[in-house]
1. Once amide H atoms are placed 1.01 Å from N in the peptide plane, what residues at a sequence separation of 5 or more from residue 248, or on another chain, have their amide H within under 5 Å of its amide H?
2. Just checking my list (1) 18, 37, 25, 15, 5, 0; (2) 22, 54, 22, 1; (3) 21, 50, 25, 5, 0, 0 against P(r) over Cα pairs in 20 Å bins from 0, in percent computed from this structure; which label fits?
3. So in segment 183-482, what percent of DSSP beta bridges are antiparallel if you round to the nearest 5?
4. With 10 angstrom as the radius, rank 264, 278, 135 by how many other C-beta atoms surround their C-beta, starting from the fewest.
5. Would you kindly derive the ³J(HN,Hα) couplings of segment 96-101 from the backbone phi angles with the Karplus curve 6.51 cos²θ - 1.76 cosθ + 1.60 (θ = phi - 60°), listing them in order in whole Hz, with x for Gly and Pro?
6. Test of the criteria: in segment 228-329, which trypsin sites (Lys or Arg not before Pro) are in a DSSP loop and have at most 15 other Cβ atoms within 10 angstrom of their Cβ?
7. Along the charge dipole of the chain, Cβ charges K/R +1 and D/E -1, which of 124, 228, 323 sits furthest on the positive end?
8. Using unit Cβ charges (K, R positive; D, E negative) and no other charged atoms, how large, in debye to the nearest 20, is the dipole of the chain about its Cα centre?
Amino acid sequence: MVERNGNGDKSLENWIWDAACSIRGAQEAAKYKDFILPLIFTKRLCDVFDDELNRIAEKVGSRAKAFKLVAMDHNLVRFYLPLQPQNPDDPVWSVIRKLSDKIGETLTDYLREIAKANPLLNGIINRIDFNATTHGQRDLDDDRLSNLIEKISEKRLGLKDVEPDIIGRSYEYLIRKFAEGSGQSAGEFYTPKEVGLIMAKIMQPEPGMTIYDPCCGSAGLLIKCQLVLQESQGSTAKFAPLQLYGQEYTGNTWAMANMNMIIHDMEGKIEIGDTFRHPKFMQAGKLAQFDRVVANPMWNQKWFAEKDYDGDELGRFPKGAGYPGSSADWGWVQHISASLDKTGKAAIVLDTGAVSRGSGSANKNKEKDVRRWFVEQDLIEGVIYLPENLFYNTSAPGILLFLNHAKPKERQGKLFLINASLVFAKGDPKNYIPDEGIEHIASTFVSWCEEDKFSCIVSKDDIARNDYNISPSRYIHVAETDEFRPIAEILEELDVLEKEAEVTNEALKNVLERFK
C-alpha cells in the first residue's frame, strides 16, 4: 500500500491499527470499535473539509472568508463541519485535538453538531456517547480518549494525502482486525475479503446495476461489487456507478456500514431494521427487486417460527416450496430469490449443512423440501465449497450458493459445483484464499470449466439420485479431503444418523411392546 503523505514508513493499515490499540492494546481493541471507527471517520471528514476550504480560499483570498462562505452555503462542500479553530489557518481537526477538559462530553457534543448540520450523518456519527458510563465508571476515560485522539492526529487523511480506495481498504482492514477479536459477534458485521471478492467477480456487476444486501453488516459485500466494477472498467473510464442498497438489523453495525460506504467515497442507501419480518425496500406495496443480491445471513437462525412464514404477505415463501423448518438458511434464500428481477443473480454465503441436511434420510425434512423446490425450478446455478477456518465466528468451511433467474439455455437443468476446500493459505488467526486462488475460483465458475478434483457439472437427475444433496464435496472427491474430512461435515452426518437411529429404536420398541 503506497501513501502519498510521507508521514513515516509505516503503512496506513499499521498506523490505523496502532491507533486502535493505543487504548488498551490489541487484546482489548475490538471492545472499543464503536468508539474508534467514528473517530477515524471524523478525522477523514475534518481533513477533507480542510482540503475543500483550501480550494475555496484560493479563489476568495483567505481561509477566514472560506469559512464564512461555507457557513452560509453548505452545498459548497460535501459535508459541512461546524467546527472552526480560533486561527482559521489551523486544521479543523485541531478543534478536537486541543480538547483538554471534559473531552468525552465535548467530543460527543461536537459530533452531534456535525450530525445536525448533515442529515445524511444523523444516527451514524452521533450514535456513540464518548462520555458514557457503566456502573458509575467511564467506558472510555478522558486520558485514554486523549491518547487515541493524539495517535489519530499523527497522519493526515485528506484528499491530497490518501485516495478513497486506500483509506477505504485501511478502514476495511481495521474492521477485519476488530472481527479477529470479536468472537461469535464477528459474523454480524464482517465477511472475509476474499469471499466477498469471489462473490462480486462471479456476479459480474455492470454499470448502473442495482445491488442489494438484505443483511449487509459493514457493507463489505456491496463495496466489493463496486470495486470489481471499477476494476473491470479501468481507472480512466467514465461509467455509471452501481446503485447500492442494504438493510442491517443492529444499530451500531448499520452506522458502521454507512461510515464504510462514505469513507470509500461511495453512495448507497442503507436502511435499519429486521429484513426477515420488515423488509424496508418496497415498490408499489411489493418487495423491491434488484439486478444482483449478495448476502451473508447469520447461519442457522432458529428464531423464526412457522407464523413468520405463514404471515408473510409479500410472496416470498411459495406454498409449493414449503418452509425451511428450524433453520432459516433457506428462508433467507427464498427472500433473496423473491428480491431478484427476472434476469437477476444472487450470491449467498451459507453453512455447509444447508446444502445437504436431510438428504439420505428416510424421514421428511422441510429444509430438503425447499432445496428440492429450488433445484426443480432450476433457480440454482451452482455451489462453491469453501476452505475451513476462513470465517471469524466459526471454523466451519461454509459454502457459496448462486441463484440465476435467467440461466442460459445450455446451462438449464444443470448445476456447476466447485470444491475449493484446498484453495487456501495458512494465516493467523484465520486461513485465507490467496489472490491467485480468488481468480481461479471465480474464473472457473464464470466459464463453467470442469477440472479434475476441483469442478464439475451435474444434472438435475444427478441431484435427484443423491436425494437433493447439492454439496460439492458429495460429487468432487479430493484425496486429502477424503483423509481429512471437515469436522463440521462429519458432525452433520452424525446428527442425521443419530436422528435416524432414534426413529429406528422407537419403531423397534413399538414392535417389541406387542410381544409382551
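FYI, it's all coordinate maths here, none of it is from the lab. These numbers come from a predicted model, not from an experiment. Note that each Cβ is placed from the backbone with ideal geometry, even for glycine, and that neighbours are counted across all protein chains shown.
1. 216, 271, 272, 273
2. (3)
3. 50 percent
4. Going from sparsest to densest Cβ surroundings: 135, 278, 264.
5. 7, 4, 8, 4, 10, 9
6. Listed in order of number, the matching sites are 238, 277, 302, 319.
7. Farthest towards the positive end: 124.
8. Dipole of the chain, to the nearest 20 debye: 1040 debye.
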